[in-house]
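The values are calculated or read from the model by the stated rules, or taken from the named source; none is laboratory data. No experiment lies behind these values; they were computed from the predicted model shown. Glycine gets a Cβ as well: all are built from the backbone with ideal geometry, and neighbour counts include every protein chain shown.
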Amino acid sequence: MKPPQRRLAGAFLAGAGSRLLPASLPWRFFGAAVVFHVLAWLALLAPGGRLVAPVGGEGLQALEVVDVQAGPQGPIFNRQRLEGVAFVPLRSGIA
């Protein structure tokens, strides 16, 4: 009977389960990102906030501004379409 051979990989991985991160960790990061994303949108749309975004299909877009003001019954959203714009996403490697 031959004695068991110790391999370097086996010695390195021995007890690796105790050094690995828990499987639920990515879901915790995802949950935290969702919570902070929702909080950021709520802060934008709180009274006194302003949201500016290009609205429309490809090629024909307008700049829309939403101002939020405090009203007696709740927030008042004032929407205003400004001028035509063209949203061009940034791409790397294109001259």
Checklist entry - Does at least one position in the range 66-85 carry a residue that is loosely packed, with under 10 Cβ neighbours inside 10 Å, on the phi < 0 side of the Ramachandran plot, modelled with pLDDT of 85 or more and in a loop (DSSP other than H, G, I, E, B)? => result yes
Item to check | Output for the range 47-92, where each listed residue is in contact (Cβ under 8 Å) with a residue 12 or more places away in the chain and among the basic types (Lys, Arg) | outcome: Arg50, Arg79, Arg81
